[in-house]
1. Given axes a ≥ b ≥ c from the Cα gyration tensor, I'd like to know whether the stretch 137-191 is rounded (a/c under 1.5), prolate (a/b larger than b/c) or oblate.
2. Relative contact order of the chain: what whole-number percent is it, with Cα pairs under 8 angstrom and at least 6 residues apart?
3. Based on the alpha-carbon gyration tensor of the stretch 21-76 and its eigenvalue square roots a ≥ b ≥ c, which shape applies: rounded if a/c is under 1.5, prolate if not and a/b is larger than b/c, or oblate?
4. At 25 °C and 0.890 mPa s, grab the translational diffusion coefficient of the stretch 81-219 from Stokes-Einstein with a Kirkwood Rh over Cα pairs, rounded to a whole number in µm² per second.
5. Counting only residues 5 or more places away or on other chains, whose amide H sits under 5 Å from the amide H of residue 69 once H atoms are built in the peptide plane?
6. Express the relative contact order of the stretch 1-119 as a whole percentage, based on alpha carbon pairs under 8 Å and six or more residues apart in sequence.
7. Using a 1.4 Å probe and ignoring any ligands, DNA or RNA, find the accessible area of residue 82 and quote it in Å² to the nearest 10.
8. Counting only protein chains, not ligands or nucleic acids, how are 29, 178, 113 ordered by accessible area (probe 1.4 Å), most first?
Amino acid sequence: MSERTPLAGRVAIVTGGTRGLGREIARAYEAAGARVIAFGRAEADVTDPAACAAVVERAGPVTVLVNNAGVLGPAGPVEDTDWDAWVETLRVNLLGTVAMCRAVLPGMRERGYGKIINLSGGGATAPRPYFSAYAASKAAVVRFTETLAAEVEGIDVNAIAPGPLPTRMLDEVRATGYEQVEPANMERATALAVFLASAASDGITGRLIAAQWDDWESLRPPLPADRFTLRRVT
């Protein structure tokens with residue numbers, strides 16, 4: 001392992017890894033020395049526990065899991081959105097994340113080491129009008145991240161807020177007419193994903209880190225208990 005290959009010898013699974021941010025993370029991991037198993041919806045359904053288990057079995061000893069698979073879901077006033085689409089958004093974004101974590105955790109617990117990186121998104125820490133399903137699902141992913149981190153030892157579990165990246169999902173957001181945002185830096189998001197998958201971040205866990213705005217390069221454990229978390233300030 002060197003500064004140029006901080007993920008040498010690591011096996012990483014990247015869901016939603018055939019396009020957008022997932023594809024870029026997979027490429028960055030390979031460049032950093034990892035063996036990467038990246039797949040999309042056509043290869044495996046992340047909400048199906050049997051499919052998740054099969055991916056993990058094929059991968060071998062998994063060091064890193066990146067839960068990137070996700071959908072934007074329906075846009076509009078909550079009472080007008082399609083109910084089935086609303087439920088499907090939670091199923092993919094939240095239950096898909098949980099199902100993949102359940103699949104990798106036994107092996108990580110046995111080895112006493114692992115890295116789980118969940119993708120947050122807009123609406124997780126502040127209201128996101130007209131994208132209620134997406135916002136609710138991503139807020140739930142962050143709280144699940146914090147909860148899982150408190151359950152496991154030796155396994156770092158964190159969430160990334162990547163920012164509005166130049167992907168197909170951003171095109172979908174713009175097409176709704178409810179938001180017109182400028183794209184953020186893809187390299188910042190992928191670099192954070194590499195950092196959280198590497199030994200350099202050992203001991204940093206249970207955190208939601210914003211790729212574009214947080215000074216994550218300087219993070220070293222132990223961090224204050226309430227820093228980079230969902231919390232009520234009293």
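The values are calculated or read from the model by the stated rules, or taken from the named source; none is laboratory data. Here the structure is a predicted model, which means the values were calculated and not measured. When the accessible area is computed, the model is the full protein with side chains, heavy atoms only, and any ligands, DNA or RNA have been set aside. Shrake-Rupley method; radii C 1.70, N 1.55, O 1.52, S 1.80 Å.
1. Judged from the Cα gyration tensor, the stretch 137-191 comes out oblate (a/c at least 1.5, b/c at or above a/b).
2. 18 percent
3. It comes out oblate by the Cα gyration axes.
4. In µm²/s, the coefficient is 155.
5. Excluding prolines and chain starts, which carry no amide H, the hits are 15, 16.
6. 28 percent
7. Rounded to the nearest 10, the figure is 90 Å².
8. 178, 113, 29
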